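**Student:** The following block contains the structure, expressed as structure tokens.
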């Protein structure tokens, strides 16, 4: 069976499962759902989930086969054993390999001696006529392949009561002292009593897929502009980002430690006709202090400006490679605003008769200068000539 990688979770495509456990829990009308269907969505919004290499491999053979993708849990060999396909997952901002990683798998037995169990469970956990739910999830327990499981309370099948999903893992994935308290559910396993089902006496009847996948790339960037859709009015400063929708944000405020990355457009350099107005530019805003004045915005990539101007005032959001063409007189180049340490300015003076000046240095006619900011400063950054 092929389909959306989430189709086992959402549409209960049970026909694809091997072993005794099949997909029956879903989000379709008329079907029952368990809490991981909702909590996993919240985990995904928080950035926790499985990272699929198949998501960015257009002709991967298993790209559209949910049963074969990392994190699937299927019953194998013994009635109380599942096999988990390995992969990578993000938990609390950190990438973890689980179940041996891509190309591998992990067999997990639901027994009293399982190293993957969240807690210690009694033998003969189920009695004749009883059933329970087991949640299998990814934790930061790297010693045990980042796989953990928890079983809920047993109920009598004859009572027509669906078992309760265990929930202790939601606040503490493993009481043995994991520093990371976040987790991602792979599957909710329904088990019933079986005399041959290991020392806990259980047999798998359902494996309900609850995987959530996070996909950070490609990252699509809509252009930020203070104008209407299609306008090329640039937002190239953090203060402009705070105000682009006629409101006032707090990125530029004192003690704001957040950074920002956005796409906008190039702008005309102040007091000149020079610039790359209307061209796509990627900007980053960061800070080298705690005051609003210590925040800077710069282009992520090098940008080139060719100009015949005799006076240029550049900011860290402007072009940093300057090609000075023939003009009448010395070109005086100065800076305005904050620059971060490590910022590079390159100047090629193509005029064969007139010089240029920057940071107290003279760039000779037909000469070249490369400068680096060595001291970050809100208004008077220090630039040193490298060549």
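**Student:** Kindly evaluate residue 126 against the criterion of being part of a loop (DSSP other than H, G, I, E, B) and either buried (at least 22 other Cβ atoms within 10 Å of the Cβ) or touching a residue at least 24 places away in the same chain (Cβ under 8 Å) (or both). Can you show your working first?
**Tutor:** Numbers: part of a loop (DSSP other than H, G, I, E, B): yes; either buried (at least 22 other Cβ atoms within 10 Å of the Cβ) or touching a residue at least 24 places away in the same chain (Cβ under 8 Å) (or both): yes.
The answer is yes for residue 126.
**Student:** What single numbered condition from (1) modelled with pLDDT under 95; (2) within 34 Å of the chain's Cα centre (by Cα); (3) surrounded by 13 or more Cβ atoms within 10 Å (Cβ to Cβ) fails to hold for residue 283?
**Tutor:** Evaluating residue 283 over (1) modelled with pLDDT under 95; (2) within 34 Å of the chain's Cα centre (by Cα); (3) surrounded by 13 or more Cβ atoms within 10 Å (Cβ to Cβ) leaves (1) as the failure.
So that you can scan it fast, the table gives a plain yes or no per residue for (1) under 16 Å from residue 108 (Cα atoms); (2) assigned to a loop (DSSP other than H, G, I, E, B):
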residue: 182; (1), (2): no, yes
residue: 191; (1), (2): yes, no
residue: 195; (1), (2): no, yes
residue: 200; (1), (2): yes, yes
residue: 204; (1), (2): yes, no
residue: 211; (1), (2): no, yes
residue: 222; (1), (2): no, yes
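**Student:** From (1) closer than 18 Å to residue 294 by Cα; (2) buried (at least 18 other Cβ atoms within 10 Å of the Cβ), pick out the condition that doesn't hold for residue 363.
**Tutor:** Answer for residue 363: the failing condition is (1).
**Student:** On the given criteria, is residue 155 buried (at least 22 other Cβ atoms within 10 Å of the Cβ) and touching a strand residue (DSSP E or B) at 6+ places or on another chain (Cβ under 8 Å)? Let's see the steps before the verdict.
**Tutor:** On the way: buried (at least 22 other Cβ atoms within 10 Å of the Cβ): no; touching a strand residue (DSSP E or B) at 6+ places or on another chain (Cβ under 8 Å): yes.
No.
**Student:** Among the residues that make up the stretch 240-247, is at least one of them touching a residue at least 24 places away in the same chain (Cβ under 8 Å) and either in a loop (DSSP other than H, G, I, E, B) or touching a helix residue (DSSP H, G or I) at 6+ places or on another chain (Cβ under 7 Å) (or both)? Please lay out each step first, then the result.
**Tutor:** Going through the stretch 240-247, the residues touching a residue at least 24 places away in the same chain (Cβ under 8 Å) turn out to be 241.
Narrowing further to those that are either in a loop (DSSP other than H, G, I, E, B) or touching a helix residue (DSSP H, G or I) at 6+ places or on another chain (Cβ under 7 Å) (or both): none.
Within the stretch 240-247, not a single residue is touching a residue at least 24 places away in the same chain (Cβ under 8 Å) and either in a loop (DSSP other than H, G, I, E, B) or touching a helix residue (DSSP H, G or I) at 6+ places or on another chain (Cβ under 7 Å) (or both).
**Student:** Can you pull out the residues in the stretch 248-274 that are modelled with pLDDT of 90 or more, more than 26 Å from the chain's Cα centre (by Cα) and exposed (fewer than 15 other Cβ atoms within 10 Å of the Cβ)? Lay out the reasoning, then the answer.
**Tutor:** Here is the first cut: in the stretch 248-274, the ones modelled with pLDDT of 90 or more are 248-266.
Filter once more, so that each one left must be more than 26 Å from the chain's Cα centre (by Cα): 248, 254, 266.
Of everything in the stretch 248-274, those that are modelled with pLDDT of 90 or more, more than 26 Å from the chain's Cα centre (by Cα) and exposed (fewer than 15 other Cβ atoms within 10 Å of the Cβ) turn out to be 248, 254.
**Student:** Residues that are in contact with a strand residue (DSSP E or B) (Cβ under 7 Å, 6 or more places away or on another chain): find the strands (runs of 3 or more DSSP E) completely inside the stretch 303-387 holding 3 or more of those. Show your work before the answer.
**Tutor:** Numbers: elements: 304-307, 311-314, 321-324, 331-335, 344-349, 356-358, 361-363, 368-375, 382-385.
Filter on the stretch 303-387 gives 304-307, 311-314, 321-324, 331-335, 344-349, 356-358, 368-375, 382-385.
**Student:** Mind checking whether some residue in the stretch 43-58 is over 20 Å from residue 146 (Cβ atoms) and buried (at least 19 other Cβ atoms within 10 Å of the Cβ)?
**Tutor:** no
**Student:** Right, next: Hey, does the stretch 278-294 have a residue that's outside any loop (DSSP other than H, G, I, E, B) and on the phi > 0 side of the Ramachandran plot?
**Tutor:** Quick first cut of the stretch 278-294, residues outside any loop (DSSP other than H, G, I, E, B) only: 280-287, 292-294.
Then keep just the ones that are on the phi > 0 side of the Ramachandran plot; that gives none.
The answer is no; no qualifying residue exists.
**Student:** Considering only the stretch 142-171, state which residues are within 28 Å of the chain's Cα centre (by Cα) and over 13 Å from residue 117 (Cα atoms).
**Tutor:** Within the stretch 142-171, 142, 167, 170, 171 qualify.
**Student:** On the given criteria, is residue 62 without any contact (Cβ under 8 Å) to a residue 12 or more places away in the chain and either in a strand (DSSP E or B) or over 19 Å from residue 44 (Cα atoms) (or both)? Can you show your working first?
**Tutor:** Working: without any contact (Cβ under 8 Å) to a residue 12 or more places away in the chain: yes; either in a strand (DSSP E or B) or over 19 Å from residue 44 (Cα atoms) (or both): yes.
Yes: the conditions hold for residue 62.
The values are calculated or read from the model by the stated rules, or taken from the named source; none is laboratory data. Keep in mind that what you see is a predicted model, and the values were worked out from it rather than measured. So basically every Cβ, Gly included, is an ideal-geometry build from the backbone, and we count neighbours across all protein chains shown.
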